[in-house]
Amino acid sequence: MKISKKTDYALRALFTLVEHYGRGPIPIRELARRNDVPKQFLEHIMLDLKSQGWVQSVPGKNGGYILAQRPEKIRMGQVVRHFDNLLSPINCISTSRYERCSQEPVCRFRRVFLQIRNDTARLMDNATLASVFSGRPVQAHEVFDEALIGGAGI
């Protein structure tokens with residue numbers, strides 16, 4: 001599974017709003033700067049987040065964006081599904097973009113991808129913005145774990 005730039009940028013903005021939760025609005029320019037996101041693209045994303053009821057805009061000189069819900073109420077799975085519409089690594093196991101494959105009746109590896117989809121959905125649906133924010137950033141040694149390096153392309 002690979003998320004789109006739009007989803008990536010939406011999550012960046014949401015986590016900045018979580019970090020700033022309860023301290024007033026953040027201007028769109030500041031959100032764009034902090035998250036290294038083109039301002040015009042972010043404006044569209046913020047309108048989309050607003051339409052879902054996840055963020056709220058505050059007009060005026062000191063206006064900007066705030067979370068419209070508590071961070072414990074918004075789940076990563078909701079955000080990813082909203083922007084990307086799927087969590088499946090292959091289409092023959094997708095509920096939203098299902099495509100029949102001629103090998104379905106005999107395919108063995110499809111089950112592994114189904115488990116990946118189900119585990120990913122479970123993880124993302126249990127991951128609230130609050131719980132993810134309370135975690136720590138990933139360290140380089142975790143990404144480049146020697147036990148996994150042999151699986152180049154991960």
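The residue that is surrounded by the most Cβ atoms within 10 Å (Cβ to Cβ), counting only those in the stretch 66-78 that are touching a helix residue (DSSP H, G or I) at 6+ places or on another chain (Cβ under 6 Å) and closer than 24 Å to GLY22 by Cβ, is ILE74. Within the stretch 12-23, residues that are in a loop (DSSP other than H, G, I, E, B) have Cβ atoms under 9 Å from residues that are among the charged types (D, E, K, R) in these pairs: TYR21/ARG70, counting only partners at least 6 apart in sequence or on another chain. For the stretch 107-122, the set of residues classified as without any contact (Cβ under 8 Å) to a residue 24 or more places away in the chain and either touching a His at 6+ places or on another chain (Cβ under 9 Å) or in a helix (DSSP H, G or I) (or both) consists of ARG110, ARG111, VAL112, LEU114, GLN115, ASN118, ASP119, ARG122, listed by residue number.
Inspection of the stretch 78-86 identifies at least one residue that is more than 30 Å from PRO25 (Cβ to Cβ) and under 17 Å from the mean Cα position of the chain (by Cα). Exactly one residue out of SER4, SER57, SER51 is small (Gly, Ala, Ser), in contact (Cβ under 8 Å) with a residue 60 or more places away in the chain and surrounded by fewer than 18 Cβ atoms within 10 Å (Cβ to Cβ), and it is SER4.
Residue-level analysis places GLU142 outside the set of residues that are exposed (fewer than 11 other Cβ atoms within 10 Å of the Cβ), free of Cβ contacts under 8 Å to residues at least 40 places away in the same chain, of a type in the set (Asp, Glu) and not in a helix (DSSP H, G or I).
Each value in this text was obtained by applying a stated rule to the coordinates, not by laboratory testing. If you're wondering where the values come from, they're calculated on a predicted model, not measured in any experiment. Counting neighbours? That spans all protein chains shown, and the Cβs are built from the backbone with ideal geometry, glycine included.
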